[in-house]
Amino acid sequence: TLGSSWSRFDRVLDKTSLLKSDYLYLIPGFNYSSNYRQGRRVGLNYSSSVNMPNVNQLLPFTNTNNQLLQYRGNADLKPEYRHNLDLSWSLFDHFSFTSLFTRVRGAYTRNRISLSRSVNSDFTQVISPVNIDGHYSAMTYISFSTPVRKLGLTLNAVSSETVSRSKSIINGVDNIETVLSHTVDLNIENRRKGSLDLRIGGEINVTDTRYSISAGNVFSNTKYYGKVRFTPSANWRFETDANVVDYNSRSFNQSVRIPLINGSISYDFLRGKKASFTLHSFDLLNRNTGFQRVSATSYLQEREWNTIGRYVMLTLNIRMGR
């Protein structure tokens, strides 16, 4: 495929045009996929796109609504021009029911819109959007599944790696930001579902953020989870799911653990199971809470907020018509 994008920026003051800028981009694309063998598939995709600056980014006036953090637009911004490349390969063995899926992605952005930040002696800040070059990102993803017949289980494993490199400007100095993210998820489930469907597993996510002019930070989240569905008869269903998440960060003294357990009981009735009663229970431990941690170049932030805690709800569902 081959497309194009044309844009014109016109700066007008008092009904007089001060400057016009024209931007013309070719937007090529390419896609290829092949089932070159039974259970084998390969794909290659390339795409490009243009992202135009918005009005707030272009407006060359200072917004002083927040005296601590003022924002000034930049009328000389250029559009972002992004290139994406995606390569995938998958395997599925019909005899062993083993599957493997892999993907590699990469992206490069020219004239990426980043931020220039000025920090004053009283710690007030003025930020403004600027164009920078050299923004890269890459990602690898692997998903594997295979049965363990002797134990009557299926093993699932997922791993992903992400790296990105970008640049911002702080007090006139280039700040190179590199982010490395690692995720591993392992879980097992029973092969023969029947009346019982069981899945348990764990997930680890580590994000390592590094800055060229200041100290970085490392976040790690550990999650344990399980889900059980039991159907003793055609009309009754029992479900429960539970997970525990541990939040850790090098910039914060304490880790935070949030456990969550939900459950439900359902009964189907009427001909063709057209109606059902379900009793839902949410957050049985009454530990649910809103939680967020942010580690940026110039500040640390931790937020907690109240959410709906433990409750029980009875619902009636009726399917109308056929």
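The values are calculated or read from the model by the stated rules, or taken from the named source; none is laboratory data. Remember, predicted model here, so these are calculated numbers, not experimental data. Positions of Cβ are generated from backbone atoms using ideal geometry, with glycine treated the same way; all protein chains shown enter the neighbour counts. Please note that ligands, DNA and RNA were not included when accessible areas were found on the heavy atoms of the full protein model with its side chains. Shrake-Rupley method; radii C 1.70, N 1.55, O 1.52, S 1.80 Å.
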Among the residues of the range 150-174 satisfying the criterion of being open to solvent by 60 Å² or more (accessible area, probe 1.4 Å) and not in a strand (DSSP E or B), which is farthest from SER121 (Cα to Cα)?
LYS150
Among residues belonging to the range 1-27 that are open to solvent by 50 Å² or more (accessible area, probe 1.4 Å) and of a type in the set (Gly, Ala, Ser), point out the one that is nearest to the chain's Cα centre (by Cα).
SER4
Go through TYR32, TYR23, TYR36 for me and flag whichever is among the aromatic types (Phe, Trp, Tyr) and either touching a residue at least 40 places away in the same chain (Cβ under 8 Å) or touching a helix residue (DSSP H, G or I) at 6+ places or on another chain (Cβ under 8 Å) (or both).
TYR23
Looking only at the range 225-238, decide whether some residue is in a strand (DSSP E or B), touching a Pro at 6+ places or on another chain (Cβ under 8 Å) and within 30 Å of LYS193 (Cβ to Cβ).
yes
In this structure, is ASP133 under 26 Å from the mean Cα position of the chain (by Cα), at pLDDT below 90, open to solvent by 40 Å² or more (accessible area, probe 1.4 Å) and on the phi < 0 side of the Ramachandran plot?
yes
Could you please give the count of residues in the range 189-213 that are open to solvent by 40 Å² or more (accessible area, probe 1.4 Å) and either small (Gly, Ala, Ser) or free of Cβ contacts under 8 Å to residues at least 24 places away in the same chain (or both)?
6
Listed residues ALA138, ALA107; which is buried (at least 16 other Cβ atoms within 10 Å of the Cβ) and farther than 21 Å from PHE9 by Cα?
ALA107
What pairs come out if I take residues in the range 275-293 that are touching a residue at least 24 places away in the same chain (Cβ under 8 Å) and over 11 Å from MET313 (Cα atoms) and pair them with residues that are open to solvent by 70 Å² or more (accessible area, probe 1.4 Å) and of a type in the set (S, T, N, Q) whose C-beta lies under 6 Å away, six or more apart or interchain?
SER276/ASN317
On the given criteria, is PHE30 out of contact with any Leu (no Cβ under 7 Å at 6 or more places or on another chain) and open to solvent by 90 Å² or more (accessible area, probe 1.4 Å)?
yes
Considering the range 224-249 alone, what residues qualify as being surrounded by fewer than 17 Cβ atoms within 10 Å (Cβ to Cβ), touching a residue at least 12 places away in the same chain (Cβ under 8 Å) and hydroxyl-bearing (Ser, Thr, Tyr)?
TYR224, THR231, THR240
Here is a list: ASN317, ASN262. Which entry is in a strand (DSSP E or B) and touching a residue at least 40 places away in the same chain (Cβ under 8 Å)?
ASN317
The strands (runs of 3 or more DSSP E) lying entirely within the range 1-68 that contain at least 2 residues which are of a type in the set (Lys, Arg) and touching a Phe, Trp or Tyr at 6+ places or on another chain (Cβ under 9 Å) are 40-51
Filtering the range 214-223 down to residues that are in a strand (DSSP E or B) and of a type in the set (S, T, N, Q), which residue is most open to solvent (accessible area, probe 1.4 Å)?
ASN221
Test result for PHE92, assigned to a strand (DSSP E or B), in contact with a Gly (Cβ under 9 Å, 6 or more places away or on another chain) and open to solvent by 50 Å² or more (accessible area, probe 1.4 Å)
yes
